[in-house]
Amino acid sequence: MKGLQGKVCIVTGAAQGIGFATARRFLKEGAIVALCDIRRESVDAAVEQLRDSGEVEGFVVDVTQRDQIDAMVAAVRVKHGRVDVLVNNAGITLDARLQKMDDTQFDRVIDVNLKGTYNCARAVVDTMVEQGSGVILNASSVVGIYGNFGQTNYAASKFGVIGFVKTWARELGPKGIRANAVAPGFIETPILQTIPDKVLHQMTERVPLKRLGTPEDIANVYAFLASDDAAYINGAVIEVSGGLTV
């Protein structure tokens, strides 16, 4: 793949699942990766697993805390002099039907998924504008396009990050910065571990490819969008769902 070699990439929520797979794929392509997550032990374990794959450094970052994000970006800039790619992957779910959802559930998901994405982009944008180049990739979801039962907060946050990339593509495109979103479908991540096998089977049957996605399926798309091979893709939402919504 053309154009990831030596690029400095920040990946949030990167200690497991899609974020970890993305960090691993970026390292395979020769990128330098700042791996960010909220728990020290998870960050250290992920970095240890990836250490032999390339240049990776771990940072403990809560994406709702601007001071932590700013400190991480400053450290990356001091060491590498630039930030080429930001993957806003950090996200949570706290599901409930509208009548059962409390304000704490709603606010927490919006704070992490939506405000956290804004916080991280805001922290890197001046650097990217100064460079005259950069890529911002947001994790949306098919839920962020079509909605889903019991996910008022999550759907709103994932609709919102699409709005971000549509806006940033217009604002930042003239400055050499691309912004895109990826909308995964049903992906085999730790989030699915609490779902009964019967429900997982029903989910799989809804997908025309008759399988759940893997974190690597999403990481491959992030790697493409981050690379120079995607140099003319800006403001796009790429659905990666095995045809779930067809």
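The values are calculated or read from the model by the stated rules, or taken from the named source; none is laboratory data. Small disclaimer: the values here were computed from a predicted structure and weren't measured. Reconstructed Cβ throughout: ideal geometry from the backbone, glycine too, with neighbour counts over all protein chains shown.
A few comments on the model shown:
- Filtered residues of segment 30-58 (kept if among the hydrophobic types (A, V, I, L, M, F, W, C), assigned to a strand (DSSP E or B) and buried (at least 24 other Cβ atoms within 10 Å of the Cβ)): V33, A34, L35, C36, V56
- Flag not set for A219, criterion: outside any helix (DSSP H, G or I), closer than 19 Å to A14 by Cβ and either of a type outside the set (D, E, K, R) or over 16 Å from the mean Cα position of the chain (by Cα) (or both).
- Of all residues in segment 74-88, those that are without any contact (Cβ under 8 Å) to a residue 24 or more places away in the chain and among the β-branched types (V, I, T) total 1.
- Applying the criterion of being surrounded by 13 or more Cβ atoms within 10 Å (Cβ to Cβ) and in contact with a Ser or Thr (Cβ under 7 Å, 6 or more places away or on another chain) to the residues of segment 85-105, the residue that is nearest to A31 (Cα to Cα) is V87.
- When residues of segment 102-123 are limited to those that are in contact with a helix residue (DSSP H, G or I) (Cβ under 6 Å, 6 or more places away or on another chain) and aliphatic (A, V, I, L, M), the one nearest to V60 (Cα to Cα): A123
- Tally, over segment 77-97, of residues that are over 18 Å from G160 (Cα atoms), touching a helix residue (DSSP H, G or I) at 6+ places or on another chain (Cβ under 9 Å) and among the hydrophobic types (A, V, I, L, M, F, W, C): 3
- Verdict on L225 being in contact (Cβ under 8 Å) with a residue 60 or more places away in the chain, crowded, with 18+ Cβ neighbours inside 10 Å, in contact with a strand residue (DSSP E or B) (Cβ under 8 Å, 6 or more places away or on another chain) and assigned to a helix (DSSP H, G or I): yes
- Test: residue in segment 181-192 that is over 15 Å from the mean Cα position of the chain (by Cα), small (G, A, S) and under 27 Å from D70 (Cα atoms): no
- Segment 156-210: number of residues that are surrounded by fewer than 14 Cβ atoms within 10 Å (Cβ to Cβ) and either modelled with pLDDT under 95 or more than 26 Å from L137 (Cα to Cα) (or both): 13
- Residues (over 10 Å from R178 (Cβ atoms) and either among the β-branched types (V, I, T) or touching a strand residue (DSSP E or B) at 6+ places or on another chain (Cβ under 9 Å) (or both)) located in segment 228-243: V237, I238, E239, V240, S241, G242
- The numbered conditions (1) hydrophobic (A, V, I, L, M, F, W, C); (2) closer than 30 Å to R108 by Cα; (3) in a helix (DSSP H, G or I) are all true for L27 except (2).
- Segment 168-187, residues that are charged (D, E, K, R) and within 16 Å of A230 (Cα to Cα): R178
- When K79 is tested against the conditions (1) crowded, with 20+ Cβ neighbours inside 10 Å; (2) over 16 Å from M128 (Cβ atoms); (3) out of contact with any Lys or Arg (no Cβ under 8 Å at 6 or more places or on another chain), the lone failure is (1).
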